[in-house]
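Shown next, in C-alpha cells, is the structure this report addresses.
Where a number appears in this text, it was derived from the coordinates with a stated rule and is not lab data. Worth saying up front: this structure is predicted, and the values here are computed from it rather than measured. Neighbour counts are summed over all protein chains in view; Cβ atoms, including those assigned to glycine, are modelled from backbone coordinates with ideal geometry.
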Amino acid sequence: MLELARILPLDGSVTTIVPSRLDREIDDLATISAHPAPAVTRVLFSPEDLAARQWLTGLAKDAGFHVRADPAGNLFIRWEGSEPCLPSIATGSHIDAIPNAGKYDGVVGVLGGLEAMRQLKEAGHVPKRSIELILFTAEEPTRFGIGCLGSRLMAGTTSPDEARALRDAEGRSLDELREAAGCRGDLGAVKLSTGAYQAFIELHIEQGPLLESEEIDIGVVEKIAAPSAFRLLLKGSGGHAGAVLMKDRCDAFLAAAEIALLVEKAALESGSPDTVGTTGLVEVRPGAINSIPCDVKMEVDFRDTEREARDKALARIGDGTHAICKRRGIEIDWQVINQDPPALCDPSLVALVESKAAAAGLSHRRMISRAYHDSLFMARVCPVTMIFIPCFKGYSHRPDEFSSPEAIAKGVAVLKACLEELSAR
Ligand code: GLV
Ligand code: MN
Ligand code: MN
C-alpha cells in the first residue's frame, strides 16, 4: 500500500497528502507480481496475470460496470449507453509486464481509464454511446515472442491460425494457456466487427524523456512508429574449446556477435534519425565455457517512424547477415516475427485531446510514439489517438519507472473529458 506522502517545506511544517483511490490501486496492482517490489513481472496467463485480471474484474463490477472476456482473453469493461446500438467509445491498455518492469506501463491506461469512467459515473454523466475499457491480452511479447497479440487478433492483423501456431518457451500453445485460464470459444470470434468502435483513446506514460524535460503535462500522439522484429536461428559446429584450432571453427556465437554489430550500424547509418535497432535476446548453446557455441537463437527489434527507412535498413541487415554466415560456415534460419506499418492518429481526436488539455489549463504538445501500443492495431479498425503523460527521465521497462500522482491525475482528467464528450455525441 502507498505510504502517506509527506512534504517538508523549509519552515518545518508538514503537509500530508492522502493518496487517491487510483494511486492506491496502482500500488495494489504492483504487488501482484512474480518479482519483488520495486520490480513488476506479470507475464500473460501466469498466476500473477490471472490474479490481476480477477482483481480488476472485481473493481469494475464494484463500480457497476459489466465485464466480459473474448476467447483471446481481451477483457471488456462496459458502461452501457442510452443508445447501446451506436458504436461505442473505447479506452484501455494492458497490465501484462515484461520481466523486471515497473508499475506504470499499461497500468496507467487501464486503471486510469477505469478511474475516468468511475468519476464520470459519480458525477452523474449519462452516456449516449456506451463506453468500454479494454484490457488487451499480451501487449508485451514476453510469452509468445510477439507483442499486441490481443489487439492484432481484434484487428484481424494476425489470423486465428497464426495465433494457434504460437508456442511459448516451454512449448505451450495459446489454445492450451487460454483454455486453462478459462477463455473459451473460437479465436475467429475475436476479430472486431466493422464499426464496433467510434473512437479509441489510450492513456499511457510517455516512456521517453521529452514531456518531463520540456515540463509539458500532456503529449498528444499523432503517429505510432513502425515496429518490426525477427528471430535468427544460427547453426554452426560445436567442439572442444581446447582441441579445435581457430581456423577450423564455425562458431555460431561469433556470427551472432557480428550480426548484432551490423544491426547497430544499419540503424545508425539508415539516414533517418528515428531508426532504432536492438538485439535484445541471444541464447547460446551448449552454453559451457569449454565448448564452442554451435547454436544461437537471437531476436532483433527494429523500428522507425517511416516504414521505407526501416525496410531499407532491414534489407541491408539481411544481405550482411547472409554474407557473415557464408563466410563463417553457419546455417541460418531467418524468421520474421512482425513487420508492421506505422499508424497515423485521427486528426479530429488529436484536436479533441488538445482542446480538453487546454480547457483544463494543461500544457500540451504533439508527439510521436516510438514505442508500440495496442493503439497501433486499433487504428486499423477505428479512429485512435493516445494521451501521454511524463515519466521520470523517460525510464520504462525497468523497476524505477515512475509517473507522479499529479501527472497521472492530469492524464485521467483529459481522458475523462474526452470520454464525456465523445460518449454524448
Ligand atoms: C512496447 O512495450 C514496446 O516494446 O514498444
Ligand atoms: Mn511495455
Ligand atoms: Mn505499454
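Give, as ranges by residue number, the residues of segment 170-200 whose backbone N falls under 12 Å from the point 7 Å along Cα→Cβ of R164.
Within reach of a label on R164, which here means backbone N under 12 Å from a point 7 Å along Cα→Cβ, segment 170-200 contributes 174-176, 186-189.
Which peptide among 284-294, 385-395, 65-75 comes first, and what is the full order, when sorted by highest mean count of other Cβ atoms within 10 Å?
Result, highest mean Cβ count within 10 Å first: 385-395, 65-75, 284-294.
Picking from V220, H240, T137, whose Cα lies most toward the positive end of the charge dipole for segment 137-262 (charges on Cβ: Lys, Arg +1; Asp, Glu -1)?
In segment 137-262, that residue is H240.
Could you list F136, F200, F402 so that the one with the fewest beta carbons within 10 Å of its beta carbon is first and the one with the most is last? Display every interim value, and only then the final one.
Values: F136 30, F200 27, F402 17.
Ranking F136, F200, F402 by Cβ neighbours within 10 Å, fewest first, gives F402, F200, F136.
So which trypsin sites (Lys or Arg not before Pro) in segment 136-189 are both in a DSSP loop and have at most 10 other Cβ atoms within 10 Å of their Cβ?
Passing sites in segment 136-189 are R184.
For A196 and A351, compute 0.36 nm times the residue count separating them, minus their Cα-Cα distance, and round to one decimal in nm.
In short, 53.6 nm is gained.
Can you give me the relative contact order of segment 226-339 as a percent, contacts being Cα pairs under 8 Å and 6 or more apart? Kindly include the intermediate steps, with their values, before the conclusion.
Working: 227 pairs, mean separation 50.4, N = 114.
The value is 44 percent.
Does segment 130-181 come out rounded, prolate or oblate, given a ≥ b ≥ c as the square roots of the eigenvalues of its C-alpha gyration tensor, rounded meaning a/c under 1.5 and, failing that, prolate meaning a/b above b/c? Don't skip to the answer; put the middle values down first.
On the way: a/c = 1.84, a/b = 1.64, b/c = 1.12.
Prolate.
Multiplying the sequence separation of R68 and E80 by 0.36 nm and subtracting their Cα-Cα distance, what value in nm do you get?
Length difference between fully extended and current span is 3.0 nm.
Sort T137, T157 so that the residue with the fewest other Cβ atoms within 10 Å of its own Cβ comes first and the one with the most comes last.
Going from least to most buried by this count: T157, T137.
log10 I(q)/I(0), Debye, Cα-only segment 226-339, no solvent, q = 0.12, 0.23 Å⁻¹?
So the normalised log intensities work out to -0.42, -1.19.
Is it possible to state the helix-based mean residue ellipticity at 222 nm for the chain, with each DSSP H run of 4+ residues giving -39500 (n - 2.57), the sum divided by total residues, to the nearest 500 deg cm²/dmol? What is it? Let's see the in-between values first.
Numbers: 12 runs with 141 residues, N = 425.
Only helices count here, giving -10000 deg cm²/dmol.
Dipole magnitude of segment 226-339 about its Cα centre, charges +1 at Lys/Arg Cβ and -1 at Asp/Glu Cβ only, in debye to the nearest 20?
Working: 15 positive and 17 negative charges, 74 e Å.
Here the size comes out at about 360 debye.
Considering the chain as a Gaussian network with a 10 Å cut-off on Cα pairs, which listed residue, D333, D49, D301, attains the greatest mean-square fluctuation?
Result for the chain, Cα springs under 10 Å: D333 fluctuates most.
Label-point separation (nm) for D274 and L245, each offset 7 Å from Cα along Cα-to-Cβ?
5.3 nm
Set the Förster radius R0 to 56 Å, insert the Cβ-Cβ distance between A288 and S213 as r into 1/(1 + (r/R0)^6), and round the FRET efficiency to 0.05.
Once rounded, the FRET efficiency stands at 0.75.
Suppose we take every Cα in the chain and form the convex hull; what volume per residue is that in Å³?
It is 165 Å³ per residue.
Specify the inter-centroid distance of segment 63-124 and segment 319-354, based on alpha-carbon positions, in whole Å.
Cα centres, segment 63-124 to segment 319-354: 30 Å.
Residue farthest toward the positive end of the dipole of segment 226-339, with Cβ of Lys/Arg at +1 and Asp/Glu at -1: which of G277, A260, I324?
Of the options given, the answer is I324.
Can you put H125, H204 in order of Cβ neighbours within 10 angstrom, beginning with the fewest?
Ranking H125, H204 by Cβ neighbours within 10 Å, fewest first, gives H125, H204.
Distance check, please: which entries in K356/K393; K61/K416; K265/K297; K103/K235; K103/K312 exceed 30 angstrom between their Cα atoms?
From the list (K356/K393; K61/K416; K265/K297; K103/K235; K103/K312), the Cα-Cα distance tops 30 Å for K103/K235; K103/K312.
Put +1 on the Cβ of every Lys and Arg and -1 on every Asp and Glu Cβ in the chain; which of S369, N290, S93 then has its Cα farthest towards the positive end of the dipole?
Toward the positive end, the furthest listed residue is N290.
In degrees between 0 and 90, to the nearest 10, how far off the longest principal axis of the chain does helix 405-424 point, with axes built from Cα atoms?
Once rounded, one gets 70 degrees.
Between Q339 and A409, what FRET efficiency comes out of the Förster formula 1/(1 + (r/R0)^6) with R0 = 41 Å and r the beta carbon distance, rounded to 0.05?
0.60
With charges only on Cβ, +1 for K and R and -1 for D and E, what is the dipole size of the chain about its Cα centre, in debye, rounded to 20? It would help to have the intermediate numbers written out before the result.
Working: 47 positive and 60 negative charges, 124 e Å.
The dipole magnitude comes to about 600 debye.
All other residues with a Cβ under 13 Å from the Cβ of A313 taken together, and with Lys, Arg as +1 and Asp, Glu as -1, what is their net charge? Could you put the intermediate results ahead of the total?
Numbers: positive: K265, R303, R307, R310, K312, R316; negative: E264, E269, D274, D301, D304, E306, E308, D311, D319.
Around A313, the charge tally is -3.
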